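Shown next, in structure tokens, is the structure this report addresses.
Nothing in this text is a laboratory measurement; each read-out follows from the coordinates by a stated rule. This one's a predicted model, so the numbers in the text were calculated from it and none came from an experiment. Don't worry about glycine lacking a Cβ; one is built from the backbone with ideal geometry, like all the others, and counts go over all protein chains shown.
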Amino acid sequence: MRHLLFGVLVLALLAPAGTVRAALLPSQVNDLVFWVDASDIDGNGQPDGLSGGAPIGEWVDKASGNNASQSTSTLQPTLNLGAVNGLPAVTFASDYLATGSQIITGTSGRTIFAVAQANDTGSNQAILSLTSMAGGDPMPDGSFYTLSGEVAVRLKGYQLFDQDIDSPDFSVLSIANATGAVIAGIDGYLNGVQMGVADQGLGGVTIDTRSSGESLIGVAHTGNTYFNGSIAELIVYDRELAPGEMWQVTEYLGLKYGIDVVPEPSSVMLLLAATALALLWRRR
């Protein structure tokens, strides 16, 4: 029995990481507040049956029902079948979708994942914009939380990283900050690799996004700064995920879309340990 248990342990350790955790879904990580997926536009978990080029008037949020929609037909993005690893993406140009209410508000922590591809990365071309133009100063310091393909997280001041997603290939982009963080406390990752900061404005200002209004996909709240590219999936949590959780969601997206993502160091150590155990076992 001892040998059998040891053998099972070795086999489990030697299994490729994706084999063990491939079934993990974003909903299995706590505090998911928003999740839209281009391969499940209506959010029912079944094939959509939509044709290529179909206009998207509503993208169902599978986390909380805060659906992103657009009633004006000329402003509706379109579905691009087979855009990435045989899966669809929603393509944006001069169009956008708006949620029913803000996805994240106030000084709450947040972690945002986007699988996206940008045709160009002009300033403020928003993949996702979390703010409101309603009342008073439309962009008080720390309120204008916009994720763009530059890669930048703009908050009137901004946290601008040293890479962008201006490529024909799709990338897994993730952004995270703790509750009560300042702008300088935002971390950015591209395909699992932490990005360096290229420039930073108002770095000491506290992040504080408004509770009124709506969040926007495909355009910034400043208007006329449309995202030019495609989005396959957006996932948002209302807290800063722990490193292991970040990797779990990153791995899920990498496996699903055929994007090479870099594993966390502990995963590499686990594989090395498994290999050593297997070699010791074979010498017995």
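What the pair-distance distribution of segment 31-260 shows, using all Cα-Cα distances binned every 10 Å from zero, is 9, 37, 40, 13, 1 percent. Place a point 7 Å from Cα of residue 64 in the direction of its Cβ. Which residues in segment 96-115 have their backbone N less than 18 Å from it? Only 98-114 fall inside the zone, counting backbone N under 18 Å.
Packing around the peptides 223-230, 114-121, taken as the average count of other Cβ atoms within 10 Å per residue, puts them in this order, highest first: 114-121, 223-230.
Between amide H atoms placed 1.01 Å from N, distances below 5 Å from residue 64 occur with 35, all of them 5 or more places distant or on a separate chain.
Each residue in 64, 212 was given a count of other beta-carbon atoms within 10 angstrom of its own, and listing them fewest first yields 212, 64. I want to make sure I understand the PRE zone here: with the label point 7 angstrom from the Cα of residue 72 toward its beta carbon, which residues in segment 196-227 have backbone N atoms less than 13 Å away? Taking a point 7 Å out along Cα→Cβ of residue 72, the residues of segment 196-227 whose backbone N falls under 13 Å are 219, 223-226.
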